[in-house]
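Here is the structure we will look at, set down as structure tokens.
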Amino acid sequence: MATTSANPTTRPGRFGAYGGRYVPETLMAALSELEAAYDAARLDPDFQAELDDLLHNFAGRPTPLYFAKRLTQELGGAKIYLKREDLLHTGAHKINNALGQGLLARRMGKKRIIAETGAGQHGVATATVCALLGLECIVYMGEEDIRRQELNVLRMRLLGAEVRPVTSGSKTLKDAVNEALRDWVTNVRDTYYILGSALGPHPYPTMVRDFHRIIGIETRQQILATEGRLPTAIVACVGGGSNAIGIFHPFLQDTAVRLIGVEAGGRGLTLGDHAARFSGGTPGVLQGTYSYVLQDEDGQVSLTHSVSAGLDYATVGPEHAALHDCGRAEYVSADDIHVLEAVVRLARAEGILPALESAHAVAECLRIAPTMAAHDILVVNISGRGDKDMGILARELNIQGAESR
Amino acid sequence: MAIRFQQHPGLVVYLTAGDTGLHPRSHSHAPAAAHSPVDLSTTRDIALAAIDAGADVIELGVPFSDPLADGPVIQRASERAILRGTRLIDVLALARELRIARPQAGLVIFSYLNPILRFGLTRFADAAAEAGVDGVLLTDMIVEEADEYLAEMHRVHLAPIFLAAPTSPEDRLRAIGENSQGFVYAISRTGITGKQQQVAADAAALVERIRRWTQLPVALGFGISNAHHVAEVGRFADAAVIGSAIVELIEKSSEDEAPGVVARFIQGLRQSNLAQTR
């Protein structure tokens, strides 16, 4: 990037040219403290043992790698396996990271937890972990997202969290992150910020990735046990990119395995109508990290649109930016219409209702599986379940409820 | 020009460039066509009035869509300025006008990093130096990430100004002192920009800690909004930064009256007898 030293790889938190720390000075001491605490926890067998126990007994790991037989037959191409992160407690992969960071916060002696949320899955996961560990929990959520993901708002409140509506900007995930960062700058001495994706300043992109690597580690073991070989391709949706980096990362050295990230194509290719950072964005700095950003020619961050609140975001995790540039991962997009079709297709073929976010990965699977050979293996990360989206789905798909019998 | 504080304490005034408040003249809403220069004459007139009323340094704020270090007042001003079409290139043109009109005043470009990156760091450095700007302050640039930024500032002899926070440990304050020029901007309290009742109790301690590492003047900002605050800042710091208090005045004033309102406010900050005591 324009402002890095000649040798970025020697600097902490860099993924190629991307990543870094671009934050108000007030946060630097807290980020250093967090980095040191995480480095210590990572190597502490007791910390890992407690996390593993909670992942197993509380969250429900390992999640199945399920062979989608009917969908495979219908599409007539690659063998399709679904990584069932939707079966985790709270309904999405987000609990992996919330548990890890919640334990870290407790270890650091922080009693006040803040978080941002888009679709509400990270907010619910954080509220859940705070209830489990007895921590105060404040979740920032854009007004627009509160409206479209109301069920998750109710869940967070029932769990004892305070949900603070964010009214600035587009009233979605980006604005919730801004407001969480403003809270953190103000209350930095006693507050832990559980950031919900592989985003933001170092050490978050690395730490959040590490907490989600379990997805890829299990997938690798499971596919080797079932098929005796690695998959041909892995598909995952990419908002900030935490579920994708979690499943991709253990396969980075397996260069024969295609890694495909799916961004939100929204309503179309015009700036403001989508959240496809790799087709419409350019490198820039937003919310503490250098990555691809949807922005205008003056460096003002663009509005985004997606039917899924969780992918409706103007920048992307910096490790994905590096994987994009070096070509190790491919990034495509799926538009709202194909995503809605994918929800219905998966629900009716397999009895699995994916979250709108995860349905982006399903849409790409529907597109490419028929073009692949019968001996190819395609793994799709079903990062979350779609119960939270029933309001949107009923409206978009014109599904009738009790009122209109 | 070097940045100099002529009186004690010095006054640094932040303005969100391109904001004309909630009561603009009807014709000043938006540029006539996309990419035609936006009319920054009101910001110019406010800046000139502020300098003539006693401001030593003007910080010209480049509006940004995601001002995460700012409170609601500057957030709103930034939104209005962006809506009017204010661009970095317009802010640099305004700086040039101010430099010609007031050769002795300190001029600082105050921005988030992204608009500068998008413009091009080298192009920005050249254009800012050519416009007669003295220094640059980037809210989300920390010393560890600043190698190339510093090289560009040094190349064109612009002063990089870093912020120091109450939470900054000694090694960071040392790096901030060593890498800053012009002055060091001390943040009075943890938090975002905005007015508050009192100058934070730990502000004096921060300024004292900064002085261990640098001979540069130290300006204290965040929450400084009246003559009492300025007088108190004068007891331990070299200058006070006034931001949200003035941006809020501009927000509430009619566009025509804003320069006069701001000038009277700044004169009021200076009139306090307390301000002379040290």
Residues located in the stretch A:212-248, provided they are open to solvent by 10 Å² or more (accessible area, probe 1.4 Å), touching a residue at least 40 places away in the same chain (Cβ under 8 Å) and β-branched (Val, Ile, Thr): A:ILE214, A:THR226, A:THR232
Does B:ARG123 meet the test of being out of contact with any helix residue (DSSP H, G or I) (no Cβ under 9 Å at 6 or more places or on another chain), within 12 Å of chain A (Cβ to nearest Cβ) and open to solvent by 10 Å² or more (accessible area, probe 1.4 Å)? yes
For A:PHE251, only one of the following conditions fails: (1) open to solvent by 10 Å² or more (accessible area, probe 1.4 Å); (2) without any contact (Cβ under 8 Å) to a residue 40 or more places away in the chain. What is its number? (1)
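Do we find that A:GLY317 is out of contact with any strand residue (DSSP E or B) (no Cβ under 6 Å at 6 or more places or on another chain) and farther than 21 Å from A:LYS171 by Cα in this structure?
So A:GLY317 does not fit the description; no.
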Considering each residue of the stretch A:200-211, count those that are open to solvent by less than 20 Å² (accessible area, probe 1.4 Å) and part of a helix (DSSP H, G or I), and give that number. 5
Determine whether A:ALA309 is of a type in the set (A, V, I, L, M, F, W, C) and closer than 30 Å to A:LYS69 by Cβ. no
Kindly indicate which of B:ARG118, B:ARG102 is surrounded by fewer than 21 Cβ atoms within 10 Å (Cβ to Cβ) and either under 23 Å from B:ASP70 (Cα atoms) or more than 8 Å from chain A (Cβ to nearest Cβ) (or both). B:ARG102
Options B:ASP90, B:ASP140: the member that is within 10 Å of chain A (Cβ to nearest Cβ) and part of a helix (DSSP H, G or I): B:ASP90
Check the stretch B:209-224 and report whether any residue there is among the hydroxyl-bearing types (Ser, Thr, Tyr), without any contact (Cβ under 8 Å) to a residue 40 or more places away in the chain and assigned to a loop (DSSP other than H, G, I, E, B). yes
Restricting attention to the stretch A:328-337, does a residue exist that is at pLDDT 95 or above, of a type outside the set (Ser, Thr, Tyr), under 13 Å from A:ALA244 (Cα atoms) and in contact with a Pro (Cβ under 6 Å, 6 or more places away or on another chain)? no
Checked A:THR232, A:THR226, A:THR219, A:THR191 against criteria (within 14 Å of chain B (Cβ to nearest Cβ) and more than 14 Å from the chain's Cα centre (by Cα)); the one match is A:THR191
Lone unmet requirement of (1) in a helix (DSSP H, G or I); (2) of a type outside the set (Phe, Trp, Tyr); (3) in contact (Cβ under 8 Å) with a residue 60 or more places away in the chain; (4) farther than 22 Å from A:LYS388 by Cβ for A:ARG21: (1)
Just give me the residues in the stretch A:262-273 being surrounded by 24 or more Cβ atoms within 10 Å (Cβ to Cβ) and out of contact with any Leu (no Cβ under 8 Å at 6 or more places or on another chain), in sequence order. A:VAL262, A:GLY265, A:GLY266
Name the residues in the stretch B:39-72 that are over 16 Å from the mean Cα position of the chain (by Cα) and basic (Lys, Arg), would you? none
Which numbered condition in (1) over 20 Å from the mean Cα position of the chain (by Cα); (2) open to solvent by less than 70 Å² (accessible area, probe 1.4 Å) is the only one that A:LYS174 fails? (1)
Count, please, the residues in the stretch B:165-187 that happen to be more than 9 Å from every other protein chain (Cβ to nearest Cβ), of a type outside the set (A, V, I, L, M, F, W, C) and in a helix (DSSP H, G or I). 6
In the stretch A:285-303, how many are facing chain B (nearest Cβ under 8 Å) and of a type in the set (Gly, Ala, Ser)? 2
Those residues that are within 11 Å of chain A (Cβ to nearest Cβ) and aliphatic (A, V, I, L, M), I need them from the stretch B:71-87; list them, please. B:ALA81, B:ILE82, B:LEU83
Does B:GLY260 meet the test of being surrounded by 21 or more Cβ atoms within 10 Å (Cβ to Cβ), at pLDDT 95 or above and not acidic (Asp, Glu)? no
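The values are calculated or read from the model by the stated rules, or taken from the named source; none is laboratory data. Being a predicted model, the structure only gives us computed values, none of them experimental. Please note: Cβ atoms are built from the backbone with ideal geometry, for glycine as well, and neighbour counts cover all protein chains shown. In case anyone asks, the SASA skips ligands and DNA or RNA and just uses the protein heavy atoms, side chains included. Shrake-Rupley method; radii C 1.70, N 1.55, O 1.52, S 1.80 Å.
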